[in-house]
Every structure is written in structure tokens, then in C-alpha cells.
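Below is one structure; the comments refer to it alone.
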Amino acid sequence: MDETFKEKIAKIAAAAAAAPSGDNSQPWRFIARTPNILEFHAMPEKDNALLNIDESGTLIALGAALQNAELEAKSLGLTPTLRYSDEGSLVAVLILHEEGVLSDDERKLHKAIPLRHTNRKAYAHQPLAGDVREALLKNVKDDTDVELVLVESPEEMRRVSRALTTMEEVALSNETLHALFFADIFWSEADNSAGKQGLYIDTLELPPPAKAAFRLLKYWRVTKALSKIGFHKVVAEMNAQQNASASAFGIITAERLGRREYLEAGRLLERIWLQATAHGLSMQIVTGVTFLARSVVEPETAKLFSKDQLENMSAAYGVLKGQIAIDREPVLAFRIGTGGSPTAVSYRRAPEIIFA
Ligand SMILES: Cc1cc2nc3c(=O)[nH]c(=O)nc-3n(C[C@H](O)[C@H](O)[C@H](O)COP(=O)(O)O)c2cc1C
């Protein structure tokens, strides 16, 4: 196999793997076929089934990976043609033609790929500048069905923020979700540098007392006792206040929810995030509610939750629906604003590439 083809594929796959994924699950693998094909395969088993209804989280991550790959291919002088696939784990193929070039706008996005990180700090209370809002909205493409709604009024932002932290409220009062959340947190910096899947504790930006408390909260009996006296609601309230310090919440919407829409939502998410990064802004996806609310409509999943928890989830989803057009669904939500540099960032393992 041509060495330059292999080198280019390695660079494109590395850029793809820099994309965000739920709990840094990195649910992708790549197959390269001569002379010019790069296949994107999903590994939904890497994501948590309870929060991955219809493989939505996996597909969003794959969409973001595709977006990075397209930018990287162009930076290497190639023109990528994207073809979606419905065949099993194969979600999309990039056909790499000669003579590609980045436009000026794309060059800015491409430069931001290694600089894009989740930032879970408090952000400075500052409205979005007009030119930034315009630059973010420009990433919505006419030829796709996914759209972006920005929520910017302080009052609406507070409502949306509290609706989104219903996730913490439920996770700290439900044994199954609690177990899932704490199973994903790890404490070793060496594991983080090696690209371990999960959430490295320092990326959570907890104040020191909360970080210390986390060692105890991982025991369900401790969290359960605390939630009996309303701890879960206090945490949700505090997180909501912190998250509402953003300049805006973004909600990516689609007319219907399906494989193609999740992939397109991931592509759009990544363009927006790279654009935000290029403008020196921070982002955090805050979207457990959209995933869990879609999951708990299944009777098997609903069984795991109390009536109160189900009602809270559905009310929270309703708040998000209230922000968008009546005939559309929220795919995911995030916050955006001026957050400075994160204390710690998540790394990646080397992506698996098969040269077939
Ligand atoms: C589908 C999806 C859902 C996510 N949900 C959340 C979330 O609810 N809260 C959060 O803080 N981060 C969320 N993330 C961000 C990931 O945790 C993050 O991308 C991953 O840990 C890698 O870190 P990075 O974004 O800094 O590269 C989500 C990412 C994806 C793709």
C-alpha cells in the first residue's frame, strides 16, 4: 500500500479521533481501502446502553469525527466526498479525491481541532457578541435537516439550565444511574494521558471540598442517605446556577430522530465547537436529560426509575421542547461562553485503523 496514502489516512483518523464522545468513549474504528476510501465504523458497545438509545450518542460522536476528518483531508490537499451508509457498523465513507483546499473559514475551524476541549468551569456572565452569534449560526447548512437554537435571555437560560441539571438530580437519587456515573470517573493522571475512556476527575472542575466528597459519594449508601435530605436537589440547583453563567445555551434540533440526523447533529456540533474555539470561547455539552428522557419511554428502562423521577425527566424534556419549534425534537444541548482554560483536558488512545 502506498506510504503517502497510509500517512494521510493516519493523520485523518487522528483528527477524527480528536472529536468529543460521551464520557470520552471514542466509539469509532477506521478501515482504509486503496485507492482512496476511508470507512467510519461505529462501536456502540463503548457507550452506555441506557444513555445511548438508538445509538444516538455513538452516532453524534461519529458525526463530529467525520467533520474533523473532512477538514483534515482538505488540509492535506484532498477533496472528501461523504457518503452515509446504513450497513451495520459502517456509518459513513469518505472518498478522498485529489486537489482539495480549505476555504478561509474552514482553515480557522481546522486550526481549532487540537484546541477544542470540554470546559466545565463557571463561565463569565457575558452576552454573546453579535459577530460571534452570526459566526455560530453560519455553521447550519441548508442541505441538512439539523438546526441550532440559541437561548440567550437570562430568564430562559435559568429555566433551561435547571431543566438540564435534572440529570444530576436523578443520578444522585437513582441507584442505576449513580452506578453508571461513578463507574466512569477515574483519578489517575497517567490513565488520562493514555487516553482512557471515562471522565478524569480534574476535568470535572470540582472545588476541592466537592472533589474530596466524591470519594465518598461513589458509595451508593452514602449518596442515598444524603439524597433523603435533599442533597440531590441542592447539587442540581448549584450546577444550574453555575451552568447559567454561560453566554448562551445551544440546542441542536431535528425534524425527526434517526441515524442520519444524529450523524448530522454531530457534524454541526463539531463545526459550532470549532468555531467557538476559534473565537476563544468555551463549550460544555450538558445533555444527559435529552438522552435519558428518550430512554425512559421504553418500559424496560422506565422500570428503573420512580414515578417522581420519570415525571421530572419528562418535565425537563418539555422545557427544552418549549424552546424550539413545535414540529422539531431536541437532539442535544450545550452551553457556550467565556470560560478561560480548563484545568485538565481528556486525551485519546491511538485510533484503530485497518488497512484492508
Ligand atoms: C453525545 C455526547 C454527549 C455528551 N454529554 C455530556 C454531558 O452531558 N455533560 C458533559 O459535561 N459532557 C458531555 N459530553 C462531553 C464528553 O464528556 C467529552 O467530549 C469527552 O469527555 C472528551 O473530552 P473533550 O470534549 O474535552 O475532548 C458529551 C459528548 C458527546 C459526544
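Structure above, values below:
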| quantity | calculated |
| --- | --- |
| Selected residue (only one of Leu274, Leu263 is in contact with a Phe, Trp or Tyr (Cβ under 7 Å, 6 or more places away or on another chain), outside the structural domain of Glu87 (by TED's automatic domain parsing), within 13 Å of the ligand (Cβ to nearest atom) and assigned to a helix (DSSP H, G or I)) | Leu263 |
| Breaking point among (1) of a type outside the set (Gly, Ala, Ser); (2) crowded, with 22+ Cβ neighbours inside 10 Å; (3) closer than 20 Å to Leu78 by Cβ, for Thr4 | (2) |
| Members of region 283-315 found to be farther than 26 Å from Gln241 by Cα and acidic (Asp, Glu), listed by number | Glu298, Glu300 |
| Residue in region 91-106 that is farthest from Ile272 (Cα to Cα), counting only those that are of a type outside the set (Asp, Glu), out of contact with any Asp or Glu (no Cβ under 6 Å at 6 or more places or on another chain) and part of a strand (DSSP E or B) | His97 |
| Residue list for region 127-150, filter: modelled with pLDDT of 95 or more, surrounded by fewer than 16 Cβ atoms within 10 Å (Cβ to Cβ) and more than 22 Å from Thr287 (Cα to Cα) | Ala129, Gly130, Asp131, Glu134, Lys138 |
| Residue check for Phe231: under 24 Å from Leu332 (Cα atoms) and of a type in the set (Phe, Trp, Tyr) | no |
| Which numbered condition Gly63 misses (of (1) crowded, with 23+ Cβ neighbours inside 10 Å; (2) closer than 25 Å to Asp191 by Cα; (3) within 16 Å of the ligand (Cβ to nearest atom)) | (2) |
| In region 108-125, the residues that are loosely packed, with under 15 Cβ neighbours inside 10 Å, away from the ligand (no atom under 16 Å from the Cβ) and at pLDDT 95 or above | Ala124 |
| Residue ID - surrounded by the most Cβ atoms within 10 Å (Cβ to Cβ), chosen from residues in region 43-60 that are within 11 Å of the ligand (Cβ to nearest atom) and assigned to a loop (DSSP other than H, G, I, E, B) | Asp47 |
| Only listed residue being surrounded by fewer than 19 Cβ atoms within 10 Å (Cβ to Cβ) and in contact with an Asp or Glu (Cβ under 9 Å, 6 or more places away or on another chain), chosen from Leu71, Leu82 | Leu82 |
| Residue list for region 190-237, filter: assigned to a helix (DSSP H, G or I), within 16 Å of the ligand (Cβ to nearest atom) and exposed (fewer than 13 other Cβ atoms within 10 Å of the Cβ) | Ser193 |
| All positions within region 24-42 that are surrounded by 22 or more Cβ atoms within 10 Å (Cβ to Cβ) and in contact with an Asp or Glu (Cβ under 6 Å, 6 or more places away or on another chain) | Pro27 |
| Ala356 vs. criteria in contact (Cβ under 8 Å) with a residue 60 or more places away in the chain, aliphatic (A, V, I, L, M) and surrounded by fewer than 19 Cβ atoms within 10 Å (Cβ to Cβ) | yes |
| All positions within region 80-116 that are of a type in the set (Lys, Arg) and either in contact with a Ser or Thr (Cβ under 7 Å, 6 or more places away or on another chain) or within 25 Å of Gln284 (Cβ to Cβ) (or both) | Lys108, Lys111, Arg116 |
| Tally, over region 167-183, of residues that are within 12 Å of the ligand (Cβ to nearest atom) and over 13 Å from Lys218 (Cβ atoms) | 2 |
| Filter pass, Val345 being within 12 Å of the ligand (Cβ to nearest atom), surrounded by fewer than 19 Cβ atoms within 10 Å (Cβ to Cβ) and in contact (Cβ under 8 Å) with a residue 24 or more places away in the chain | yes |
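Residues checked against (1) in contact with a strand residue (DSSP E or B) (Cβ under 6 Å, 6 or more places away or on another chain); (2) touching a residue at least 24 places away in the same chain (Cβ under 8 Å):
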position	(1), (2)
Asp143	no, no
Thr176	no, yes
Ala190	no, no
Leu199	yes, yes
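The values are calculated or read from the model by the stated rules, or taken from the named source; none is laboratory data. Fair warning: this is a prediction, and the values are worked out from it, not measured in the lab. Reconstructed Cβ throughout: ideal geometry from the backbone, glycine too, with neighbour counts over all protein chains shown.
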